[in-house]
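Have a look at the structure below before the remarks.
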Amino acid sequence: MSLVKTVAADVKAKADKAWSFTKKLVVFGGVWGLTFSLVTIGRLGVAFDYDDTLVFSTPAFKKAFDSGIQPYSPAFWEVVNNSYELEERKPLVWTAAWLFRVFGFKVAVISTRPPHGGEALKKEWRNLATSFYFAGGALNKHRLLKDGRYVLYFGDSDSDISEGRMAKVLTLRVKRSPKSTYKEDYNPGKMGELVIPFTEL
Ligand SMILES: [Mg+2]
């Protein structure tokens, strides 16, 4: 083959590749646009529990327990709610939340914690979370879940599964990190719910 022919074939291959990429991009854009419109029009939402679901927050609790403040007092919760710089986002759950957001879903964070001193924490999550609630107890969550058009709820505790079901929202189990010091209310799979793998990381 002459040099001209080789170059021509090379150019053609590159053009074909670019065209096939463009086609994929257009198809993806169409799928995204359609999903985004339907989800937005339907005002659909997804909800996430906070501790051990969206973040690994044991260090924030440890700081509050070590402070000598009466555990579970308002001052204790103020320490927990303002120690978010010690918390680690759980990569898989956090990414999933952002994907839902990109596809037009409202993302609600429903924390079991009471609201003491929680303004800064809410602000910290304002880009991802369209609403951030302090339920002030695990058994108050179903009321918040009934309030929106939630299609999915993600939580790590047994009570998250039962609260989600009480609100008739499909609830999926996120695994706790083995490093979490909170061990109660945790029997993944026991209620026949779907347990999402790799969410303990
Ligand atoms: Mg939790």
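Okay, residues lined up against (1) surrounded by 13 or more Cβ atoms within 10 Å (Cβ to Cβ); (2) in contact (Cβ under 8 Å) with a residue 24 or more places away in the chain; (3) part of a strand (DSSP E or B):
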| position | (1), (2), (3) |
| --- | --- |
| 126 | no, no, no |
| 141 | yes, yes, no |
| 144 | yes, yes, no |
| 153 | yes, yes, yes |
| 163 | yes, yes, no |
| 172 | yes, yes, yes |
| 177 | yes, yes, no |
| 187 | no, yes, no |
| 200 | yes, yes, no |
Assigned by TED's automatic domain parsing to the domain that holds residue 82, surrounded by fewer than 16 Cβ atoms within 10 Å (Cβ to Cβ) and in contact with a helix residue (DSSP H, G or I) (Cβ under 9 Å, 6 or more places away or on another chain), is that true of residue 109?
no
How about the range 1-101: which helices (runs of 4 or more DSSP H) wholly inside it have at least 2 residues that are among the charged types (D, E, K, R) and surrounded by 11 or more Cβ atoms within 10 Å (Cβ to Cβ)?
58-66
Exactly one of 57, 37, 73 is away from the ligand (no atom under 16 Å from the Cβ) and in the same structural domain as residue 143 (by TED's automatic domain parsing), and that one is 73
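The values are calculated or read from the model by the stated rules, or taken from the named source; none is laboratory data. If you're wondering where the values come from, they're calculated on a predicted model, not measured in any experiment. Every residue, glycine among them, receives a Cβ derived from its backbone with ideal geometry; neighbour counts consider all protein chains shown.
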